[in-house]
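**Student:** Right, I'll just put the structure down here and ask away after.
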């Protein structure tokens, strides 16, 4: 089964076939098949749903595997061509996983909170990034040693605030080439900003979420730790594998 690109933004992509074959039993073990209760579903997710069981929607794991393969190949291509990706996941279940996996693969990430205007008000964000880098350098090199103890503490507090939001994107020089999102319903501001700027969005999308505007939907449980971890690790591995082939 071939994966489906659900928007026109990536429709003409010619992707390499690098993704592994996923064992559906493994996806089942990770709980990737569980959607939300039927009462909470978003009807546009119908094409990814296999059945309803005990009032809960169950994803078609063959389609989930195909979409994950498509996303894997796309991430491989992004890595191979030196493109930038930001992994976004601020919900409790996703934040630590994304931070650890992204750092291990030298990828960018946002896990604290998506600041409105992060993409659409880049000049202001760049000022904040530059301020963070200046404070990091100054505090580590003793540039503020003549300041009072109180002033130094205030600078450290400012740096910690900036790090909370920008530590994972300190290398960002401009608009990223793609956004990976866990739970686009929660991260709707990030998704809408990416859409406004023509930035492709790849997302782990649960049955309660409007998939409109998601370029590569990965229909899967976005609450289970094992489900999130598997997808994040697979896509990070794909990006790194592609980067190693530059």
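The values are calculated or read from the model by the stated rules, or taken from the named source; none is laboratory data. The structure presented is a predicted model; accordingly, all values stated were derived computationally and were not measured. Glycine also receives a Cβ, built like all others from the backbone with ideal geometry; neighbour counts cover every protein chain displayed.
**Student:** Assuming residue 144 fulfils every condition listed in (1) modelled with pLDDT under 95; (2) surrounded by 14 or more Cβ atoms within 10 Å (Cβ to Cβ); (3) under 27 Å from residue 87 (Cβ atoms) apart from one, which condition is it?
**Tutor:** If we test residue 144 against (1) modelled with pLDDT under 95; (2) surrounded by 14 or more Cβ atoms within 10 Å (Cβ to Cβ); (3) under 27 Å from residue 87 (Cβ atoms), just (3) comes out false.
**Student:** Would a scan of the stretch 86-99 turn up a residue that is farther than 22 Å from residue 176 by Cβ, modelled with pLDDT of 95 or more and either surrounded by 14 or more Cβ atoms within 10 Å (Cβ to Cβ) or touching a strand residue (DSSP E or B) at 6+ places or on another chain (Cβ under 7 Å) (or both)?
**Tutor:** no
**Student:** Looking only at helices (runs of 4 or more DSSP H) that lie completely in the stretch 1-114, which have at least 3 residues being touching a residue at least 24 places away in the same chain (Cβ under 8 Å), in the same structural domain as residue 229 (by TED's automatic domain parsing) and under 23 Å from residue 190 (Cα atoms)? Please lay out each step first, then the result.
**Tutor:** Working: elements: 24-29, 61-80, 92-104.
In the stretch 1-114, 61-80, 92-104 are the helices (runs of 4 or more DSSP H) which contain 3 or more residues that are touching a residue at least 24 places away in the same chain (Cβ under 8 Å), in the same structural domain as residue 229 (by TED's automatic domain parsing) and under 23 Å from residue 190 (Cα atoms).
**Student:** So for the stretch 116-124 (the condition being in contact with a helix residue (DSSP H, G or I) (Cβ under 7 Å, 6 or more places away or on another chain), at pLDDT below 95, farther than 12 Å from residue 167 by Cα and part of a helix (DSSP H, G or I)), does at least one residue qualify?
**Tutor:** Looking through the stretch 116-124, none of the residues is in contact with a helix residue (DSSP H, G or I) (Cβ under 7 Å, 6 or more places away or on another chain), at pLDDT below 95, farther than 12 Å from residue 167 by Cα and part of a helix (DSSP H, G or I).
**Student:** Now, a different point. Only one of (1) modelled with pLDDT of 95 or more; (2) under 23 Å from residue 76 (Cα atoms); (3) touching a helix residue (DSSP H, G or I) at 6+ places or on another chain (Cβ under 9 Å) fails for residue 190. Which number is that?
**Tutor:** Residue 190 satisfies all of (1) modelled with pLDDT of 95 or more; (2) under 23 Å from residue 76 (Cα atoms); (3) touching a helix residue (DSSP H, G or I) at 6+ places or on another chain (Cβ under 9 Å) except (3).
**Student:** Considering every residue within the stretch 32-45, establish whether at least one is within 21 Å of residue 237 (Cβ to Cβ) and under 20 Å from the mean Cα position of the chain (by Cα).
**Tutor:** Within the stretch 32-45, the subset within 21 Å of residue 237 (Cβ to Cβ) is 32.
Pick out the ones that are also under 20 Å from the mean Cα position of the chain (by Cα) and you get 32.
The answer is yes, given that some residue of the stretch 32-45 is within 21 Å of residue 237 (Cβ to Cβ) and under 20 Å from the mean Cα position of the chain (by Cα).
**Student:** Of these, 145, 140, 128, which one is in a loop (DSSP other than H, G, I, E, B) and not assigned by TED's automatic domain parsing to the domain that holds residue 181?
**Tutor:** After ruling out the rest, the residue left standing is 145.
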